[in-house]
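Take a look at the structure below.
The values are calculated or read from the model by the stated rules, or taken from the named source; none is laboratory data. This structure is a prediction, so every number in the text was calculated from the model and none was measured. Cβ atoms come from the backbone with ideal geometry, glycine included; neighbour counts cover every protein chain shown. Accessible surface is based on the protein model in full, side chains and every heavy atom, while ligands, DNA and RNA are left aside. Shrake-Rupley method; radii C 1.70, N 1.55, O 1.52, S 1.80 Å.
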Amino acid sequence: MKSKKLFNVSRKLFPGGVNSPVRFYDPYPLFIKKGKGSKIFDVDGNKFIDFCLAYGPLILGHSDASVKNAVKKQLENGWLFGAPTEEEILLAKIINESIPYMEMMRFVSSGTEATMHAIRLARAYTNRKKIVKVFGGFHGSHDSVLVSPGSGAIGIPSSPGIPDEISANTLVVDYNNTEEIKKVFENNKDEIAAIIIEPVLGNVGVIPPLDGYLKMIREITTDNNSLLIFDEVITGFRFHYGSAGQYFNVEPDLTILGKIVGGGFPLAVFGGKEDIMKNISPSGNVYQAGTFSGNPISMVAGIATLKKLKNKDYKNLENRVSIINKYVEDAKNDKKIDLQLNSMVSMFQIFFNKNEIKNYNDALKSNTANFKKFFNKLLDRGFYIPPSQFESLFISFSHTKKEVEDFGRIIYEGL
Ligand SMILES: Cc1ncc(COP(=O)(O)O)c(C=O)c1O
C-alpha cells in the first residue's frame, strides 16, 4: 500500500504524520491523490464517494469547473499583490447582498483567524474581557476558544500551553440550555463581551438548536449589552444561499464565514454592523492584519462558488439527506440498531446512540467503537467520511441519488 509507505515517511516529518489532527486514523490515513465531483481517489487508485468534502468547503463537489476556470484565469495575472484588488470588492458585495447585516467585513485566511479577531473586536467594543461559548462548540485552535468541554467545568483549558488567565475568561455553558446562559449572565454582570456560538453545532456531530434557543441568546446578549457572534464557518451558505442567522431569523452582531465562502481555497470572513467593524485598524485601533488576507485566488474562487450557489436549489441536498434518514429509521425499526441521524439540510451525522442528541454530553454517550467499525466498513466499501463520531458529514450538489442510496444501504446492513 502506497499510503502506508507515505505515512511511514510523513510521521517522521509531521506530528502524528498529519497537518491537522483529525486527519489521522488507525492504522494510518489514506493519502489522497485527486478529487472530482463527489469522488476522491487515493494514491493507490481506490475510489471513494466522499461525504467529508474536506470538512465542508466543497459544497459544489471536488474540482468544480467554474471555480477551476476562475482560478486558472487569475493565475495568469498573478496571485498575490499585498495591495487592494477589485476582486475583494466583488466578493464582499456578493456577501453583503446575500447577508445584508454583514455591512462591513474583513477577509482573512482561516476560521481560526476570523474568530480570534472577532473576539478581540468584541472585547474592545464592549470594553469587557469574558466570552461565553458552549460545550463542544469549536471555533478554531486559538487560546480563548480552546477550552475544555470536559465534565461541565467552566474555564478549564483543553490544551497544555494555554495560560489559566486566558481560559478563565472563557465561560462554557451547555448548548440548548437557556437556564445556564441566564445564570452565567447573572453571575458575570457587565463582564461578558460576547457569546460565540455555532448556530448549529457541527463539531460534535450535528446538533440543531431547540426551538427558541437562538432567539433567547439574541435577547440575553442585547439585554446585557454583549455581542452575539455567530460562528458560521460551517453553516454559512450551507442551509440556503445565505447565513444560518437568516435561516433561523436571528441577527447576530458579528458573523464568521469560512469553508464554503472560499470555494476550497483559504478564506474566512468576519463582519457585521459598520458601527462595530469600523473599530478595526486602520479606521479604528483594534489591530488585525494578514499577508494573505483577501488574496486574489481565494477571492475569485469565492466569487465563482457563490455565483453558482445562488442558482442552486438546496432542497435537493435536503432530499438526499432524507433518503439517508429513511435508511437509518429502517435500520432502527427492522434491525434494532441504536442509531440517531441528526441533520440540518446538507450536514448530518449518524450517532451510534439510542437516545436523542441535543447537546455535547448526549453526543459523548455514543458508541465510538461502533462508529469506528462503521467508518472502516465504509472505507472498505468505497465511502469516505470524517473518521470521528464528533464531526459532520456533508453532501454536495455533485452527489447523485444512487450514491446516497448505496450509502444508506450500508447503514441498513449494520456493522
Ligand atoms: C465552526 C468552526 N469555526 C472555526 C473553525 C476553524 O476554521 P479553520 O480550520 O479554517 O481555522 C472551524 C473548523 O472546522 C469550525 O468548524
Please verify whether L60 is away from the ligand (no atom under 16 Å from the Cβ) and open to solvent by 70 Å² or more (accessible area, probe 1.4 Å), treating the condition exactly as stated. no
Listed by first then second residue, the pairs whose first member lies in segment 1-18 and is in contact (Cβ under 8 Å) with a residue 12 or more places away in the chain, whose partner is open to solvent by 100 Å² or more (accessible area, probe 1.4 Å), with beta carbons under 6 Å and at least 6 positions apart or on separate chains, are G17/R11
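Could you tell me whether any residue of segment 65-81 is among the basic types (K, R) and in contact with a His (Cβ under 8 Å, 6 or more places away or on another chain)?
Scanning segment 65-81, I find no residue that is among the basic types (K, R) and in contact with a His (Cβ under 8 Å, 6 or more places away or on another chain), so the answer is no.
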Pull up segment 159-177, narrow it to residues that are within 25 Å of A124 (Cα to Cα) and assigned to a loop (DSSP other than H, G, I, E, B), then point me to the one that is modelled with the highest pLDDT. N169
Note on segment 39-54: residues closer than 22 Å to N203 by Cα and part of a loop (DSSP other than H, G, I, E, B) are F51, C52
Evaluation of E86 against (1) crowded, with 23+ Cβ neighbours inside 10 Å; (2) assigned by TED's automatic domain parsing to the domain that holds E251 (one fails), failing number: (1)
If I filter segment 80-93 for residues that are without any contact (Cβ under 8 Å) to a residue 12 or more places away in the chain, more than 16 Å from the ligand (Cβ to nearest atom), β-branched (V, I, T) and over 30 Å from N316 (Cα atoms), do I get at least one hit? yes
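Quick test for you: out of K93, K130, pick the one residue that is within 21 Å of T178 (Cα to Cα) and open to solvent by 20 Å² or more (accessible area, probe 1.4 Å). Give the derivation first.
Numbers: K93 fails: within 21 Å of T178 (Cα to Cα).
None of the other options fit; the residue is K130.
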Residues of segment 332-363 classified as assigned to a helix (DSSP H, G or I) and crowded, with 19+ Cβ neighbours inside 10 Å, total: 3
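One line per residue, one yes/no per condition, for (1) modelled with pLDDT of 95 or more; (2) away from the ligand (no atom under 15 Å from the Cβ); (3) out of contact with any Leu (no Cβ under 8 Å at 6 or more places or on another chain):
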position	(1), (2), (3)
T115	yes, no, yes
R123	yes, yes, yes
G137	no, no, no
D143	no, no, yes
V147	no, no, yes
G150	no, yes, yes
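Residue-wise test of (1) within 18 Å of F394 (Cα to Cα); (2) open to solvent by 10 Å² or more (accessible area, probe 1.4 Å).
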| residue | (1), (2) |
| --- | --- |
| R218 | no, yes |
| V233 | yes, yes |
| G242 | yes, no |
| K259 | yes, yes |
Residues of segment 367-397 being in a loop (DSSP other than H, G, I, E, B) and open to solvent by less than 10 Å² (accessible area, probe 1.4 Å), which ones? I385, P386, Q389, S392, I395, S396
Can you tell me how many residues within segment 26-77 are in the same structural domain as V345 (by TED's automatic domain parsing), in contact (Cβ under 8 Å) with a residue 60 or more places away in the chain and over 24 Å from the mean Cα position of the chain (by Cα)? 2
Failed condition for H62, given (1) out of contact with any Lys or Arg (no Cβ under 6 Å at 6 or more places or on another chain); (2) at pLDDT 95 or above; (3) not acidic (D, E), with all others met? (1)
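Just one of E329, E403 is charged (D, E, K, R) and open to solvent by less than 30 Å² (accessible area, probe 1.4 Å); which is it? I'd like the intermediate steps shown before the answer.
Details: E329 fails: open to solvent by less than 30 Å² (accessible area, probe 1.4 Å).
From the options E329, E403, the qualifying one is E403.
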State yes or no: is G271 open to solvent by less than 10 Å² (accessible area, probe 1.4 Å), within 16 Å of the ligand (Cβ to nearest atom) and closer than 16 Å to E113 by Cβ? yes
Could you please tell me which pairs satisfy a Cβ distance under 6 Å, a separation of 6+ or placement on different chains, a first residue in segment 114-135 that is in the same structural domain as T255 (by TED's automatic domain parsing), and a second residue that is in a helix (DSSP H, G or I) and more than 16 Å from the ligand (Cβ to nearest atom)? Y125/I276; V132/V184
When segment 7-25 is examined, which residues are found to be among the charged types (D, E, K, R) and over 24 Å from the mean Cα position of the chain (by Cα)? R11, K12
Out of N77, N46, report the one residue that is surrounded by fewer than 19 Cβ atoms within 10 Å (Cβ to Cβ) and either over 21 Å from L267 (Cβ atoms) or at pLDDT below 95 (or both). N46
